[in-house]
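The values are calculated or read from the model by the stated rules, or taken from the named source; none is laboratory data. Everything numeric here is computed off the predicted structure, so don't read it as measured data. Quick reminder, even Gly has a Cβ in these numbers, built from the backbone with ideal geometry, and neighbours come from all protein chains shown. Accessible surface areas use protein heavy atoms only, side chains included; no ligands, DNA or RNA. Shrake-Rupley method; radii C 1.70, N 1.55, O 1.52, S 1.80 Å.
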Amino acid sequence: MSHPTPDRAQVLAALDAVTDPKSGQGLAAAGLVQGLTVAPAADGVRAGFVMEVPPGETSTYAPVRDAAEAALKALPGMARVSVVLTAEAVQKPRLRTAGLSPQAVHQIRPNAPVPTERPAHVRRVLAVASGKGGVGKSTVAVNLAAALAARGLSVGVLDADVYGPSLPTMLGVSGKPEYRDGMMEPHAAHGLRVMSVGLLTEKTDAMVWRGPMASQAITQMLTQTRWGTEDRPLDVLVVDLPPGTGDVQLTLIQKTPLDGAVIVSTPQEVALADARRAHALFRKVKVPTLGLIENMSGDVFGRGGAEAEAGRLGVPFLGDLPLDAALRQAGDAGTPLVSSEPDGETARRFAVVAARVADVLGV
């Protein structure tokens, strides 16, 4: 016999029963419930949201947060509750502080006009980014590309992580690409066209490159790879960016028009803070963030953090991917899990993400 579980409406009603001390309204009516997630789990329902308050008032609202948590935990079938109290999103008073010089800040501003051109015979360019390393961005990029290919699209993958290229291992390709008629021929693997700086260097080479060298490598792979032909253009080029917001990202943005970016993050705050920076970079240079993907979701790193962050940033939440040993094992074996287990749960989740991305890209 199944037990009743609260739905979103019941959660909001419970939160509106808790009074905002400033407005006298319920928390939801007062706009204090942001990024609400209500997700089914094996042990019931898990709910969480962010409560953003003015600076200096967190101590006032700490009892309110506790009351909100208690109200949600009291709902029958509620398994876990997370209420984050923060003043971060509220603009703070302007203080005199140390900072970067105007010349340094200028480097992250789009220089106009910038001569950009799409790689030849490529319809859409999609960047997969993260604010920090270790969140599984390359794993997501490879499997997302495979999921797009499974929809019947012609898909290429560019490994732009020049300091730590991992696509040759994850896709099981090796050897320098052929060079014909002034263009490099990408490797073919699992229905994808693959190019990586790891294919242009020896495995034992240390990627000790200054910014201009890394930028030149990206430019070469973008413009001198035969991604498609006039008769058979590439539908989507998925670009696996290095983590962070440095030279490689700026080079790519200035060299070719990006049709969108997908940001990968794990659920915990230390990763979400860097995801915010990645979104800020794309916003500055007018590249649309198509959404956030939560990777490694589960009991180890938590759940729902990326969905709540997407709500705060006002961008779509594309889906969550569980922390799955099979996903790592498939990458080490050189075959995307989406390709090796196309009917599995992980492939199904990637298919949902791919469908949402393809719809926005119009392919």
Positive minus negative residues near residue 185 (Lys, Arg vs Asp, Glu; Cβ under 15 Å): +3
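First compute the accessible area of segment 240-349 with a 1.4 Å probe, then give the percent of it belonging to carbon and sulfur atoms. Please list the in-between numbers first.
On the way: 2180 of 4340 Å².
Taking all protein chains in place, segment 240-349 shows 50 percent carbon and sulfur surface.
Using a 1.4 angstrom probe with every protein chain in place, what is the largest-first accessible-area order of 350, 317? If you can, show how the numbers build up before the last one.
On the way: 350 0, 317 55 Å².
Solvent-accessible surface, decreasing: 317, 350.
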Residue-wise HN-Hα coupling along segment 267-282, computed from phi with Karplus coefficients 6.51, -1.76, 1.60 (Hz; x: Gly, Pro): x, 7, 4, 4, 7, 5, 4, 6, 4, 4, 5, 4, 4, 4, 4, 5
Violating pairs (Cα-Cα greater than 30 angstrom) within the set 73/286; 22/286; 176/255; 22/73: 73/286; 22/286
Sequence of 151, 283, 276, 118 from largest to smallest accessible area, 1.4 Å probe: 283, 151, 118, 276
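For segment 256-316, what is the accessible area per residue in Å², given a 1.4 Å probe and the full set of protein chains? Kindly include the intermediate steps, with their values, before the conclusion.
Numbers: 2170 Å² over 61 residues.
I get 36 Å² per residue for this part.
Using a 1.4 angstrom probe, figure out how much accessible area segment 149-201 has per residue, in square angstrom, rounded to the nearest whole. Show your work: numbers first, answer last.
On the way: 2200 Å² over 53 residues.
Solvent-accessible surface per residue comes out at 42 Å².
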Label-point separation in nm, residue 283 to residue 5, each point 7 Å along Cα→Cβ: 3.3 nm
